[in-house]
1. Do we find that THR89 is modelled with pLDDT of 95 or more, of a type in the set (S, T, N, Q) and either loosely packed, with under 15 Cβ neighbours inside 10 Å or not assigned by TED's automatic domain parsing to the domain that holds ALA29 (or both) in this structure?
2. Which of the residues belonging to the range 21-51 are more than 26 Å from GLY82 (Cα to Cα) and either part of a loop (DSSP other than H, G, I, E, B) or more than 17 Å from the chain's Cα centre (by Cα) (or both)?
3. Specify the residue that is surrounded by the most Cβ atoms within 10 Å (Cβ to Cβ); the eligible residues are those in the range 97-124 that are at pLDDT 95 or above and part of a loop (DSSP other than H, G, I, E, B).
4. Tell me whether the range 141-154 contains one or more residues that are hydrophobic (A, V, I, L, M, F, W, C), touching a residue at least 60 places away in the same chain (Cβ under 8 Å), outside any loop (DSSP other than H, G, I, E, B) and in contact with a helix residue (DSSP H, G or I) (Cβ under 8 Å, 6 or more places away or on another chain).
5. Give me the pairs, please: first residue somewhere in the range 116-136 and more than 25 Å from GLY210 (Cα to Cα) and touching a residue at least 60 places away in the same chain (Cβ under 8 Å), second residue anywhere and charged (D, E, K, R) and part of a helix (DSSP H, G or I), beta-carbon distance under 6 Å, and either six or more positions apart or on two chains.
6. So, in the range 50-66, exactly how many residues are surrounded by 12 or more Cβ atoms within 10 Å (Cβ to Cβ) and over 19 Å from LEU12 (Cα atoms)?
7. Do you know which of the residues in the range 164-193 that are small (Gly, Ala, Ser) and within 17 Å of GLY210 (Cα to Cα) is surrounded by the most Cβ atoms within 10 Å (Cβ to Cβ)?
Amino acid sequence: MNFMRDMCMARLYVVATPIGNLEDITLRALRVLKEIDFIICEDTRVTSKLLARYEIKKPLMSYSQHSKFSRVEEIMARLGRGENAALVTDAGTPSISDPGGVLIKILTSKLGSLEVSPIPGPCAAIAALSISGLPADSFLFLGFPPHKKGRQKFWKQVVESKETVVFYESPHRILKSLEELKNNLITQSLNNSIVVCRELTKMFESIYRGTIDSVLAQVQKDPVKGEYVVIIAPT
């Protein structure tokens, strides 16, 4: 499908949504979601819950890292017809460790006159940094650790950083990652301060602070699982 770069284009709003507590959404985000023509979301079931909470009814179009290019073409066609859209992720800010960034890159390259506007709001990394008590004037965000290839390089970058490091981890791999982090810190004879945040803004929100040994012990004892943000103070 070919798209003319001089077509009359609509606007794509990149809308941050709550990372847990549904009250953590801005008034502007709610207004935009009510006014646009359709919503591009990671999981329609997750986004439907948010929309139902605020009695918003809009057509949903799913887009994830597994979507075929035909879905991207559908989105481009609708924008090309002058429809306005909002891009949301399941939780937090689109493009931050999220496939939305890839979609935006494609859309802006194919649709030259497309206007993209940010609607800022929640982000788990920033929320965690704000309560960490660790240096946050400059920090390194690394997303999720690689599952296999490049994992050792990832930990080397973490422990050698001169800035505060922030990364995400899933409930299924958090203990493995903390154990590997511990081993790499021991190798470098380091004892950095660590903060691990779990389920931020949700019912079982937990914040663990201390050395890697104490934080690892706290996480191991806690039976409740959830999404994690790990923050490591610079050496």
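The values are calculated or read from the model by the stated rules, or taken from the named source; none is laboratory data. As the structure is a prediction and not an experimental result, all values here were calculated from the model. For neighbour counting, all protein chains shown are included, and Cβ atoms are generated from backbone atoms with ideal geometry for every residue, glycine included.
1. In short, no.
2. ASN21, LEU22, GLU23, ASP24, ILE25, ARG45, LYS49, listed by residue number.
3. Checked the range 97-124; the qualifying residue surrounded by the most Cβ atoms within 10 Å (Cβ to Cβ) is PRO122.
4. Within the range 141-154, not a single residue is hydrophobic (A, V, I, L, M, F, W, C), touching a residue at least 60 places away in the same chain (Cβ under 8 Å), outside any loop (DSSP other than H, G, I, E, B) and in contact with a helix residue (DSSP H, G or I) (Cβ under 8 Å, 6 or more places away or on another chain).
5. That search, which allows pairs on different chains as well, returns ILE119/ARG28.
6. The qualifying residues number 3.
7. Top of the filtered list is SER177.
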